[in-house]
Amino acid sequence: MIDLIKHIFPSFSKELLQEIDLNATINSFDADTVIIRTGQYIKNTVLVISGKIKIYRQDENGGEFFMYYLQPGQACAISMICATKNEKSQIMAKVVENVELVMVPLPLMDKWMMQHRSWYEFVIDTYRSRFEEVLEVIDSIAFRAMDERLEFYLKRHADACGCNELKLSHQEIASELNTSREVISRLLKKMEQRGLVNLHRNNIELLKKL
């Protein structure tokens, strides 16, 4: 396990890797599995080895608000905060692509922050990068019209997968942007007319960099 984790998390020190090998476990989850739910207590810090996880908020009616993706080499800052404070989760986490995760027991979080500089720096970098990403999302909501929000949303998905073909339905996009499917379909059609995208069934092809 040490070699695999070292490859995905190259900044971790040898001593930290040994601690992870002794105390953590590797679990696999299939696509569409919800691994963190709103209101539950988080007992482990999750490090992503492979696959992709969607982090989002869900309202009482089941509506979703997309926040960000977790990919190999990353961890969820919000779940870390909930775990260290022993608070209930305020987010949902669902597997998008089959994942392998390193599950680090909660009691080790504070211990490693004090004992391992590489873990401390990883946690701080995780907090900072996610804070900046959430700020971008807030800016898109507060200062952009829906057409700009849609382009920003598609760009984030394209950047996350490193591809220009997005397997997203109009309804899925509408749910995550908290609007109607009709509005999204109309805006996507306008983007197609502008030569920005090609629309297919449950698939959007980006023709130009957004």
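In debye to the nearest 20, how big a dipole does the chain give about its Cα centre with +1 on each Lys and Arg Cβ and -1 on each Asp and Glu Cβ?
Computed about the Cα centre, the dipole is about 320 debye.
Looking at this model, which pairs from 43/88; 6/88; 54/85; 54/167; 43/111; 52/94 are more than 19 angstrom apart at the alpha-carbon?
6/88; 54/85
Put +1 on the Cβ of each Lys and Arg and -1 on the Cβ of each Asp and Glu in the chain; which of 200, 5, 162 then has its Cα farthest toward the positive end of the dipole?
Farthest along the dipole direction, towards plus: 200.
Work out, step by step, the length gained on full extension between residue 190 and residue 167: first 0.36 nm times the residue separation, then minus their alpha carbon distance; give nm to one decimal.
Full-extension gain reported as 6.4 nm.
Averaging over every viewing direction, what projected area does the convex hull of the Cα atoms of segment 114-164 cover, in nm²?
4.5
Evaluate Rg over Rh across the chain, taking Cα atoms for both radii and Kirkwood's formula for Rh.
Using only Cα positions, Rg/Rh for the chain is 1.01.
Could you tell me which of rounded, prolate or oblate describes segment 1-115, using a ≥ b ≥ c as the square roots of the eigenvalues of the alpha-carbon gyration tensor, with rounded for a/c under 1.5 and, failing that, prolate when a/b is larger than b/c and oblate otherwise?
Verdict is oblate for segment 1-115.
Compactness ratio of segment 88-130: Cα Rg over 2.2 N^0.38 Å, N = residue count?
1.40
Under a point spin-label approximation (7 Å from Cα along Cα-to-Cβ), what is the residue 136-residue 106 distance to one decimal in nm?
3.1
Hey, got the Cα dimensions of segment 92-202 along the principal axes, in Å, largest first?
Taking max minus min along each principal axis of the Cα atoms, segment 92-202 gives 57, 32, 23 Å.
Hey, how many Å between the Cα centroid of segment 109-184 and the Cα centroid of segment 28-78?
One Cα centre to the other: 12 Å.
Which peptide among 195-202, 152-159 comes first, and what is the full order, when sorted by highest mean count of other Cβ atoms within 10 Å?
152-159, 195-202
What nm value, rounded to one decimal, do you get for the distance between residue 50 and residue 128 when each label is placed 7 Å out toward the C-beta?
Between residue 50 and residue 128, the label points sit 3.1 nm apart.
Residue separation times 0.36 nm, minus the C-alpha to C-alpha distance between residue 22 and residue 90: what's the value?
Result for the pair: 21.5 nm of gain on full extension.
Could you run the Karplus curve 6.51 cos²θ - 1.76 cosθ + 1.60 with θ = phi - 60° over segment 19-26 and give me ³J(HN,Hα) per residue in whole Hz, x for Gly and Pro?
These are the phi-based 3J(HN,Hα) values: 5, 5, 4, 7, 10, 9, 10, 10 Hz.
Putting +1 on Lys and Arg Cβ atoms and -1 on Asp and Glu Cβ atoms, find which of 51, 113, 16 reaches farthest to the positive end of the dipole of segment 1-115.
So the residue furthest toward the plus end is 113.
Sequence-distant or interchain residues sharing an amide H contact under 5 Å with residue 197, placed H: which?
Amide H to amide H, under 5 Å and 5 or more residues apart or across chains, residue 197 pairs with 192, 207.
About the Cα centre, and with charges only on the beta carbon of Lys, Arg (+1) and Asp, Glu (-1), how big is the dipole of segment 141-206? Nearest 20 debye, please.
Approximately 140 debye in magnitude.
Only helical DSSP H runs with n ≥ 4 go in: add -39500 (n - 2.57) per run for the chain, normalise by residue count and round the 222 nm mean residue ellipticity to 500 deg cm²/dmol.
-14500 deg cm²/dmol
Helix 181-193 sits at what angle to the longest principal axis of the chain, using alpha carbons and giving 0 to 90 degrees rounded to 10?
Roughly 70 degrees, rounded to the nearest 10.
What are the semi-axes of the equivalent ellipsoid of segment 141-206, taken as the square roots of 5 times the eigenvalues of the Cα gyration tensor, listed largest first and rounded to whole Å?
Working from the Cα gyration tensor, I get semi-axes of 16, 14, 12 Å.
None of the figures in this text is laboratory data; all of them are computed from the coordinates on show. A quick note: this is a predicted structure, and the numbers were derived from the prediction, not measured. Positions of Cβ are backbone-derived with ideal geometry, glycine not excepted, and every protein chain shown enters the neighbour counts.
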